[in-house]
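Enquirer: Below: one structure in structure tokens.
The values are calculated or read from the model by the stated rules, or taken from the named source; none is laboratory data. Source: prediction; values computed, not measured. Cβ coordinates were reconstructed from backbone atoms using ideal geometry, including for glycine residues, and neighbour counts include every protein chain displayed. For the accessible areas, the whole protein counts, side chains as well, though only heavy atoms, and no ligand, DNA or RNA atoms are used. Shrake-Rupley method; radii C 1.70, N 1.55, O 1.52, S 1.80 Å.
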Amino acid sequence: MNGDRPEGLRPAALDGVKVLEAATLFAGPLAATFLGDFGADVTKIEHPARPDAARTHGTSKDGVGLWFKTLGRNKRLATLDLSRGREVFLDLVRRNDVLVENFRPGTLERWGLGPDALLEANPRLVIARVTAFGQVGPWSKRPGFGSLAEAMSGFAAVTGEPDGPPTLPPFGLADGITALATAYAVLVALRERDRSGRGQVIDMAIIEPILMMLGGGITAYQQTGYVQPRLGNRSSNNAPRNVYRTADGRWVAVSTSSQSIAERVVTLVGRPDLVAEPWFATGRERAQHADELDEAVGSWIAERSLDVVMAEFEKAEAAAGPVHDIRGIMADPQYAALRTIVAVADEELGGPVQMQNVLFRLSASPGAIRWAGRPHGADTDDVLAEIGVTPEQVAALREAGVV
């Protein structure tokens, strides 16, 4: 029901790795979620008076943020004011392998918790510093979020209709890409620690991973001066490539990134003559004839229902997929076969909550969702007890507002 590992398999790949998360919102916390999904023991630290703002993002039910149920899964939740609880935090650092933090550069240093102090306390610590603009440079100390990265990386400039404005995504795209990159960086650093015995600092700037995903724009501009324009749903590298409306008012996406698929698509829609055109031989040249190709594919699709379109594309071994909203995702048989959506028991909401499963399947050491995101500070007493803080000391720290 909740992604538990089958009998007889080895423990999850990251069992035994202890991660301390002192990060808010999305990029840093989601990186820790990815690590926790594969067995890492993640302890999330939140300010006692200012919970992670991610708790209030998105839809809520009975005052409980639903996005945080996924973002906070597999994590123990403790509270600590790092600016006043330096020694407590250093004790936690000594017991962990990884720290994920996203304070603005200079903040931890101001509290006496910069990398020098952290690595002195635990020389084997991997410190992942996730910020909008990185630890150096003229913008390093500015506040920033993923939306700025989506703008500065060139993503917004190439997204949208040709005659429309640059378009930002309506979700945390740059943060999500950065989270994946950060989890990858942590694993690389842990591998190096296995060899050297020493930790290190990861400088992760949110403006960089999304730039890498945009293709070879840097090289193309340097070599030829090419600047990619906005093309809507089209591509400058292949055609036909678009979304098309079906006879029953649904939408279907078609992609022809390979030459053989392009030939199958235009043959399917009754235009095999196009394959013989000299310009049809490469994706780049086909993209220059997108109007003609869209007319051929779009008019054929417009006369058929989505079910018929999908059945015909399947028979022709051509690439198409329905444009889903969340209702389509929940009902899609392919997602069901992959167990992409799982139900997780949750006491706070009084029943199971559905969410996306771990990102990929490992045959011998799969990940698992052990619990959903918990209330603010739910595990503070247990976390502090592990470093020798007595119940009486916890009560005093709580009275002082430190935890």
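Enquirer: Is it the case, given these coordinates, that Glu277 is open to solvent by 50 Å² or more (accessible area, probe 1.4 Å), free of Cβ contacts under 8 Å to residues at least 60 places away in the same chain and more than 30 Å from Arg374 (Cα to Cα)? It would help to see each step written out before you state the result.
Expert: Details: open to solvent by 50 Å² or more (accessible area, probe 1.4 Å): yes; free of Cβ contacts under 8 Å to residues at least 60 places away in the same chain: yes; more than 30 Å from Arg374 (Cα to Cα): yes.
When the stated conditions are applied, Glu277 passes them.
Enquirer: Something else about it: Can you name every residue in the stretch 53-82 that is closer than 14 Å to Thr24 by Cβ, of a type outside the set (Gly, Ala, Ser), modelled with pLDDT of 95 or more and touching a helix residue (DSSP H, G or I) at 6+ places or on another chain (Cβ under 7 Å)?
Expert: Across the stretch 53-82, the qualifying residues are Arg55, Trp67, Phe68, Leu71, Lys75, Thr79, Leu80, Leu82.
Enquirer: Count, please, the residues in the stretch 217-249 that happen to be over 26 Å from Asp163 (Cβ atoms) and either of a type in the set (D, E, K, R) or loosely packed, with under 13 Cβ neighbours inside 10 Å (or both). Give the derivation first.
Expert: Narrowing the stretch 217-249 to residues over 26 Å from Asp163 (Cβ atoms): 218-219, 222-223, 247-248.
Checking the rest, the ones that are also either of a type in the set (D, E, K, R) or loosely packed, with under 13 Cβ neighbours inside 10 Å (or both) come to 218-219, 222-223, 248.
Looking only at that region, the number is 5.
Yes/no per residue for (1) over 17 Å from Ala205 (Cα atoms); (2) of a type outside the set (D, E, K, R); (3) open to solvent by 40 Å² or more (accessible area, probe 1.4 Å); (4) not in a helix (DSSP H, G or I):
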position: Val88; (1), (2), (3), (4): yes, yes, no, no
position: Val93; (1), (2), (3), (4): yes, yes, no, no
position: Phe103; (1), (2), (3), (4): no, yes, yes, yes
position: Ala117; (1), (2), (3), (4): yes, yes, no, no
position: Glu120; (1), (2), (3), (4): yes, no, yes, no
position: Pro123; (1), (2), (3), (4): yes, yes, yes, yes
position: Val130; (1), (2), (3), (4): no, yes, no, yes
position: Phe133; (1), (2), (3), (4): no, yes, no, yes
position: Pro138; (1), (2), (3), (4): no, yes, yes, yes
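Enquirer: A follow-up question, please. Please list, ordered by first then second residue, the pairs with beta carbon atoms under 6 Å, 6 or more apart or interchain, first in the stretch 369-391 and closer than 12 Å to Lys44 by Cα, second of a type in the set (Ser, Thr, Tyr) and open to solvent by less than 20 Å² (accessible area, probe 1.4 Å).
Expert: Listed pairs, sorted by first residue: Gly377/Thr79; Thr380/Thr79; Val383/Thr43.
Enquirer: Same structure again: Whether any residue in the stretch 224-234 is assigned by the TED database to the domain that holds Gln288 and of a type in the set (S, T, N, Q) is what I want to check. If you could, list the steps in order and put the result at the bottom.
Expert: Of all residues in the stretch 224-234, those assigned by the TED database to the domain that holds Gln288 come to none.
There is no residue in the stretch 224-234 that is assigned by the TED database to the domain that holds Gln288 and of a type in the set (S, T, N, Q).
Enquirer: Additional query: Out of the stretch 148-200, which residues are touching a residue at least 24 places away in the same chain (Cβ under 8 Å), in a helix (DSSP H, G or I) and of a type in the set (Ser, Thr, Tyr)?
Expert: Those that are touching a residue at least 24 places away in the same chain (Cβ under 8 Å), in a helix (DSSP H, G or I) and of a type in the set (Ser, Thr, Tyr): Thr178, Thr182.
Enquirer: Is it fair to say Asp325 is open to solvent by less than 50 Å² (accessible area, probe 1.4 Å), closer than 24 Å to Phe171 by Cα and free of Cβ contacts under 8 Å to residues at least 24 places away in the same chain?
Expert: Values: open to solvent by less than 50 Å² (accessible area, probe 1.4 Å): no; closer than 24 Å to Phe171 by Cα: yes; free of Cβ contacts under 8 Å to residues at least 24 places away in the same chain: yes.
When the stated conditions are applied, Asp325 does not pass them.
Enquirer: Considering only residues that are open to solvent by 50 Å² or more (accessible area, probe 1.4 Å) and touching a Ser or Thr at 6+ places or on another chain (Cβ under 9 Å), which ones fall in the stretch 264-274?
Expert: Arg264 - this is the single residue of the stretch 264-274 that is open to solvent by 50 Å² or more (accessible area, probe 1.4 Å) and touching a Ser or Thr at 6+ places or on another chain (Cβ under 9 Å).
Enquirer: In this structure, is Glu292 in contact (Cβ under 8 Å) with a residue 12 or more places away in the chain, open to solvent by 80 Å² or more (accessible area, probe 1.4 Å), in the same structural domain as Glu263 (by the TED database) and not polar (S, T, N, Q)? Break it down into steps so the answer makes sense when it comes.
Expert: Details: in contact (Cβ under 8 Å) with a residue 12 or more places away in the chain: yes; open to solvent by 80 Å² or more (accessible area, probe 1.4 Å): no; in the same structural domain as Glu263 (by the TED database): yes; not polar (S, T, N, Q): yes.
Judged against the criteria, Glu292 is not a match.
Enquirer: Check off (1) open to solvent by 50 Å² or more (accessible area, probe 1.4 Å); (2) at pLDDT 95 or above; (3) within 34 Å of the chain's Cα centre (by Cα); (4) not β-branched (Val, Ile, Thr) for Gly298 and give me the number that stays unchecked.
Expert: Gly298 satisfies all of (1) open to solvent by 50 Å² or more (accessible area, probe 1.4 Å); (2) at pLDDT 95 or above; (3) within 34 Å of the chain's Cα centre (by Cα); (4) not β-branched (Val, Ile, Thr) except (1).
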